[in-house]
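Beneath this line is the structure, given in structure tokens, with notes to follow.
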Protein chains: 2
Amino acid sequence: MELRRLRTFVAVAELGTVSKAALRLRITQPALSRQIMDLQQELRLRLFDRVGRRLVLTAEGEQFLGHCRSVLAHVDALGERAEVLRRGDTGVLKVAAPPHTIESILSMFLPRYAELFPNVHVKLNEALGREQTAMLERGEVHIGIRHDQGDRRFESRVLPPDEVLAACAPSLELGHSAVIDIGRLASYPLLLLDQGYSIRRLFDAACRLTDVEPNILLESRAPHTLLALAEAGQGVAIIPSLLRTDRYTLRIVRVTHRRKPIRERFAIQWDKRRPMPPYAESFCEALAKYMREVLPITHPTESKMAAARKRPAVRKSRTH
Amino acid sequence: MELRRLRTFVAVAELGTVSKAALRLRITQPALSRQIMDLQQELRLRLFDRVGRRLVLTAEGEQFLGHCRSVLAHVDALGERAEVLRRGDTGVLKVAAPPHTIESILSMFLPRYAELFPNVHVKLNEALGREQTAMLERGEVHIGIRHDQGDRRFESRVLPPDEVLAACAPSLELGHSAVIDIGRLASYPLLLLDQGYSIRRLFDAACRLTDVEPNILLESRAPHTLLALAEAGQGVAIIPSLLRTDRYTLRIVRVTHRRKPIRERFAIQWDKRRPMPPYAESFCEALAKYMREVLPITHPTESKMAAARKRPAVRKSRTH
DNA sequence: AGCCTCTTATGCTCATCAGGCATACATTGA
DNA sequence: TCAATGTATGCCTGATGAGCATAAGAGGCT
């Protein structure tokens, strides 16, 4: 079933004679005659009756003409689709991100982005660490929002860094400073995220460096479990600053190692071998801008009120 | 935009490598490689990224894949359509018929036919005489229901004959027989159909043969006008026996010439040069059968009651 | 009827192009 | 580093489709 033949058929049916169709299609009449014959043979269906010196459609031909027109319209539309895809402002963008990032950042960011780029359809995948790496490598997602661990397989776009915070009930005695050194945490029962979270691995690494043996009360995949327990005074939750804590009443302190905050680079990454779709560029741009505006989501408590005055919408909103 | 390329693209996208697609499509890998390259060049769009030894779809490629699948499905459906058309029990049948035939015959026949052949879609065209001939020749209709005038351009399928009747108010003095000779009609004011109706031309011819000069009160295209006037006692309507008169109170007599009814062959005709679609055969068959059952629609009055007892459904129905 | 015009059908030739083959090149895993 | 797997490319060939020339069919006009 060749499109050329179908187009020829349509032209002949419309113009009533092979000769006129030949003029329109800019090829010779014998070529067209043969195409029509071939098509009829292929379909095993008479499409035309010879009436005097004209060809008129048989009943079947008339039906078939309709179908042909529709198919050709679809094919032509294909060209236009390619045109649209080439422009690069339309498409599906598959994004992998850790659950808490989706909650704290993307839930607010996506509606804003959708307004700017209504033709980009973002598809989210919850994925962390190695699992996310695998998805990027298998090509299941276009970009991943993740801690940048210097993996050479990935191209990066830097985002504002994440850092390690400790959260506990206000009643808990944890010193009065906005910071706590990692060594001093050893004495508290700790509420940790599981090893899938790179903030956890970062914390573990810092513990090893300081030669601290942490007292682990709970290891969980669910950050909210930690927050709820911490609020209930059950221990100190070690969390990333990207986690939203505004629904809980907690005292937040920055965890330091040798007086410096424990930070990790945060980035959008993608497989080096797979260039991002063009519209992904705008996504990166917009997300970086947004994060610079709103980060850190969670501040050490002392600066909390000041920050709240600056960014009330993000800190107090309960709409998402 | 060649279908072969699209199919190749879909196969490669599905199987992940050109080599596997080559196995499935039974052509060599270099040929496929080239097809993919050509397609990308034609669309000016990267469809795949090389990732190690595999090809993975770009975001655009993924979008395009969806469109391709849909187009190919449509194309394949085209083959199935041809298959259905080849079977010959499905299609559109365009029929031309005189208005009164549509009213008296087809209005009852079509629902019945539609039950037998639900996949044949009948399209009616009201057309008479020369106009109908022109439609048949131009190929605008497949078959015409008409008086058979021996035209060599048409193939015929004979239907029960039509005949000339006279209709008048029961009060009018028109003799007591079920027949009236054409000569005796000259003295009455006549209500005639116009020259477009072949029954009118038949009547005129009979008049000339008998050397009768008819007294024409009205010449109309609308049979019902004649019937209404006749019922009101304004004259004698000359009508074909195919006309329904059951909504009027009329005395009906057969018009004769030399004691013989004035009849005309009635037939389904079609352009010799255009073979009928296969399903038209069944239409002819069914229509002929139906007409043998119900004709004549209008009988001379004397036999009316007897006939009514035989075919009450057709004669008394007012549902159409 | 005969001629002219318009149109389609067919035989032949030629050019184009797609596919096959051989092979180079790239990636991956042992 | 080698074997295995896969892709790209150069070259060749054969199938196919288009053009040309022409025959043949149909309609219209004188």
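The values are calculated or read from the model by the stated rules, or taken from the named source; none is laboratory data. Quick caveat, the model's predicted, so the values are computed rather than measured. Glycine gets a Cβ as well: all are built from the backbone with ideal geometry, and neighbour counts include every protein chain shown.
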Here the residues within region B:4-21 that are in a helix (DSSP H, G or I) and either away from DNA strand C (no atom under 11 Å from the Cβ) or more than 18 Å from B:C68 (Cβ to Cβ) (or both) are B:L6, B:F9, B:V10, B:A11, B:V12, B:A13, B:E14, B:L15, B:V18, B:S19, B:K20, B:A21
Inter-residue pairs, beta-carbon under 7 Å, first away from chain A (no Cβ under 11 Å) and in region B:270-292, second among the hydroxyl-bearing types (S, T, Y), 6+ apart:
B:F283/B:Y113; B:A286/B:Y113
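Results for (1) in contact (Cβ under 8 Å) with a residue 40 or more places away in the chain; (2) within 12 Å of DNA strand C (Cβ to nearest atom); (3) crowded, with 17+ Cβ neighbours inside 10 Å, shown as yes or no for each residue.
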{"position": "B:R34", "(1), (2), (3)": "no, yes, no"}
{"position": "B:L45", "(1), (2), (3)": "no, no, yes"}
{"position": "B:D49", "(1), (2), (3)": "no, yes, yes"}
{"position": "B:R54", "(1), (2), (3)": "no, yes, no"}
Looking at (1) at pLDDT 90 or above; (2) within 18 Å of B:R263 (Cα to Cα); (3) not aliphatic (A, V, I, L, M), find the lone condition where B:P111 falls short.
(2)
Scanning region A:41-53 for residues that are at the interface with another protein chain (Cβ under 10 Å from one of its Cβ atoms) and not aromatic (F, W, Y) gives A:E42, A:L43, A:R44, A:L45, A:R46, A:L47, A:D49, A:R50, A:V51, A:G52
Members of region B:191-223 found to be touching a helix residue (DSSP H, G or I) at 6+ places or on another chain (Cβ under 9 Å) and assigned to a strand (DSSP E or B), listed by number
B:L191, B:L192, B:L193, B:N215, B:L217, B:L218, B:E219, B:S220
Quick check on my filter: what residues within region A:241-264 are under 16 Å from A:L185 (Cα atoms), in a strand (DSSP E or B) and not aliphatic (A, V, I, L, M)?
A:R251, A:R254, A:T256, A:H257, A:K260, A:P261
For region A:18-38, state whether one or more residues are facing chain B (nearest Cβ under 10 Å), charged (D, E, K, R) and more than 9 Å from DNA strand D (Cβ to nearest atom).
no
Take B:E173 and tell me if it is part of a strand (DSSP E or B) and away from chain A (no Cβ under 14 Å).
no
A careful count of residues in region B:22-32 that are more than 50 Å from the chain's Cα centre (by Cα), free of Cβ contacts under 8 Å to residues at least 24 places away in the same chain and in a helix (DSSP H, G or I) gives 5
If we keep just the residues of region B:88-107 that are at pLDDT 85 or above and facing another protein chain (nearest Cβ under 9 Å), which is nearest to the chain's Cα centre (by Cα)?
B:K94
Members of region A:71-82 found to be at the interface with another protein chain (Cβ under 7 Å from one of its Cβ atoms) and either free of Cβ contacts under 8 Å to residues at least 12 places away in the same chain or not aliphatic (A, V, I, L, M) (or both), listed by number:
A:H74, A:L78, A:G79, A:R81, A:A82
Take A:P111 and decide whether it is touching a Lys or Arg at 6+ places or on another chain (Cβ under 6 Å) and not aliphatic (A, V, I, L, M).
no
Where B:F64 falls short, out of the listed (1) within 16 Å of DNA strand D (Cβ to nearest atom); (2) closer than 27 Å to A:C68 by Cβ; (3) among the aromatic types (F, W, Y)
(1)
Inspect region B:97-108 for any residue being at positive phi, touching a Pro at 6+ places or on another chain (Cβ under 8 Å) and either away from DNA strand C (no atom under 11 Å from the Cβ) or not β-branched (V, I, T) (or both) and give the result as yes or no.
no
Residues A:L128, A:L116, A:L93: which one is in contact with a helix residue (DSSP H, G or I) (Cβ under 8 Å, 6 or more places away or on another chain) and surrounded by fewer than 16 Cβ atoms within 10 Å (Cβ to Cβ)?
A:L116
For region A:143-154, does any single residue satisfy the condition of being surrounded by 15 or more Cβ atoms within 10 Å (Cβ to Cβ) and within 14 Å of chain B (Cβ to nearest Cβ)?
yes
Among the residues of region A:1-11, is any under 24 Å from B:L6 (Cβ atoms), among the hydroxyl-bearing types (S, T, Y) and at the interface with another protein chain (Cβ under 10 Å from one of its Cβ atoms)?
no
Working only within region A:290-316, note down all residues that are exposed (fewer than 12 other Cβ atoms within 10 Å of the Cβ) and either at pLDDT 90 or above or within 26 Å of A:K123 (Cα to Cα) (or both).
A:R292, A:E293, A:A313
Against the conditions (1) at the interface with chain A (Cβ under 7 Å from one of its Cβ atoms); (2) more than 30 Å from B:L287 (Cα to Cα); (3) out of contact with any strand residue (DSSP E or B) (no Cβ under 6 Å at 6 or more places or on another chain), where does B:L85 fall short? Just the number, please.
(2)
Can you tell me how many residues within region B:175-194 are closer than 11 Å to B:G235 by Cα and either acidic (D, E) or surrounded by 18 or more Cβ atoms within 10 Å (Cβ to Cβ) (or both)?
5
With respect to A:G61, determine if the residue is facing another protein chain (nearest Cβ under 10 Å) and at positive phi.
no
Is it fair to say B:T8 is crowded, with 17+ Cβ neighbours inside 10 Å and within 50 Å of the chain's Cα centre (by Cα)?
yes
